[in-house]
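Working notes, beginning with the structure itself.
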Amino acid sequence: MTTLNFSCLDDYDPDSLHVDRARRIMLDMLPAVSGHECVFVRQALGRVLAEDVISPVDVPAHDNSAMDGWALRSADLAAEGETRLKNIGTAFAGRAFEGKVSRGETVRIMTGAVLPAGVDCVVVQEVSRVEGDTVIVPPGQRADQNIRRAGEDLKAGKPAIAAGKLLRPAELGIIASLGIAEVSVRRRVRVALFSTGDELCSIGTPLFPGAVYDSNRYTLWGMLTRLGCDVIDMGVVKDEPAALEAAFREAANCADVIVTSGGVSVGEADFIKQLMQKLGEVAFWKIAMKPGRPMAFGRINAGRIQPDGESKPGAWLFGLPGNPVAVMVTFYQFARPALLKLMGLDPVPEFPTFPARCVEDIKKGKGRTEFQRGILFQENGEWCVRPTGHQGSGVLSSMAKADCFIVLEHERGKVSAGETVQVQLMTGLV
Ligand code: AMP
Ligand code: MG
């Protein structure tokens, strides 16, 4: 069991933690999960590469033509004016011209065809003229033009893709271009998920008076599934010590990570916090942000020997707030990068922000980071953003309407219409 020592961190105030600081603490504490598996190329999409892919071959394997045109020796090019050459054959992609191109000769060449011996220049067909057996190329051609050299994309023996890379369609293509059928990827991160609250009702059951349907488990399930985690849905757990303790123990025994929602706000019964602390090492943070101020982060011990005699080290805990928008914002800002680190991404990429012109006033106090929900649009060729309307932390429709977060920095005060703000696209984040 790792010992978490939050108090020795520099610049650490759990009652007013800067967003960037909270994210950094998590990223620094979390290791990548161990365990690899071998999968076929298509199954590797969205997974994290566990070992470097070393190129067994040069890509391209041969010097070849980048264009349809005429292959020639640059030494034959006239110092001034046109050059006249004799056409002696054709080189196709996949069917090489076997002969040698000698002084004063040229070969018709197709894109991707292996460069015939002696050739070091390709002139595109559009600028050339043919008169019977003679090919006439205009002045201004250079050695090496329109040629793709062997190994210019990937060199044999060198890493083509480094471990820690998230495999996207481009990487699948590279793996295939090397003739490789299977790669080693990190195993998926297992995440146990439950909602806490006496007021929560599961869908499919009638709402009792004062109850709300549990929506967090669905947004969280969606976000975790999109990230490529294995999700273990443990349902709703009542605010009862025995039920919560059993749920935490079970989750710590079967998962790498536990994600909960609710139970960490100031108004909550203190026993939930005491319980989390009893079961492991958990810090309760008030993050200087809106929405999503309260959050718990730490570890829950497994507390029981596994059937195979191995003692499981427990699981990381992200205790997210209860309000539906706060859940999503804290997930994207903290749990997402933390999970990417656990998945083995190296480095964990920063999610970029872009400037846009805000077309409405926004109220904002200095001293906290705010994540308003916004809608992007273009006006006179410029990207503009408008808040989605009511920004309460329980108003989930503000997330559904939005296509970006408007990120208002910690030190920033109110925004007047026309000012530039930073936005974070939801595409790629969600
Ligand atoms: P809490 O953080 O537990 O005090 O919850 C804050 C607010 O979020 C309350 O209004 C809860 O009813 C609401 N809430 C908590 N959990 C959920 C959930 N799983 N789905 C929808 N709303 C929730
Ligand atoms: Mg609650």
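The values are calculated or read from the model by the stated rules, or taken from the named source; none is laboratory data. All values derive from a computational prediction rather than experimental measurement. Every residue, glycine as well, gets a Cβ built from its backbone with ideal geometry; the counts of neighbours run over all protein chains shown.
Below is a table of values for the structure above.
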{"quantity": "Search result, residues across the stretch 169-202 that are touching a strand residue (DSSP E or B) at 6+ places or on another chain (Cβ under 9 Å) and within 30 Å of ALA150 (Cα to Cα)", "calculated": "GLU171, ILE174, ILE175, SER177, LEU178, ILE180, ALA181, GLU182, VAL183, SER184, VAL185"}
{"quantity": "Strands (runs of 3 or more DSSP E) enclosed by the stretch 109-199 - at least 2 residues per element that are within 30 Å of ASP346 (Cβ to Cβ)", "calculated": "159-161, 182-186, 190-196"}
{"quantity": "Conditions (1) surrounded by fewer than 21 Cβ atoms within 10 Å (Cβ to Cβ); (2) assigned to a loop (DSSP other than H, G, I, E, B); (3) at pLDDT 95 or above; number of the one not met by GLU37", "calculated": "(2)"}
{"quantity": "Evaluation of TYR332 against (1) assigned to a helix (DSSP H, G or I); (2) more than 30 Å from ALA162 (Cβ to Cβ); (3) away from ligand 1 (no atom under 14 Å from the Cβ) (one fails), failing number", "calculated": "(2)"}
{"quantity": "Answer residue from the stretch 161-218, given it is more than 22 Å from the chain's Cα centre (by Cα), among the small types (Gly, Ala, Ser) and more than 30 Å from VAL41 (Cβ to Cβ) and is farthest from ligand 2 (Cβ to nearest atom) among those", "calculated": "GLY204"}
{"quantity": "Test set (1) closer than 25 Å to LEU49 by Cα; (2) in a helix (DSSP H, G or I) - ASP346 fails condition number", "calculated": "(2)"}
{"quantity": "Criterion violated by ALA211 - all others in (1) within 16 Å of ligand 1 (Cβ to nearest atom); (2) hydrophobic (A, V, I, L, M, F, W, C); (3) not assigned by TED's automatic domain parsing to the domain that holds ILE300 satisfied", "calculated": "(3)"}
{"quantity": "Hits in the stretch 221-273 (condition: closer than 25 Å to MET29 by Cβ, within 11 Å of ligand 2 (Cβ to nearest atom) and of a type in the set (D, E, K, R))", "calculated": "GLU268"}
{"quantity": "Test: residue in the stretch 310-322 that is within 12 Å of ligand 1 (Cβ to nearest atom), touching a residue at least 40 places away in the same chain (Cβ under 8 Å) and assigned to a loop (DSSP other than H, G, I, E, B)", "calculated": "yes"}
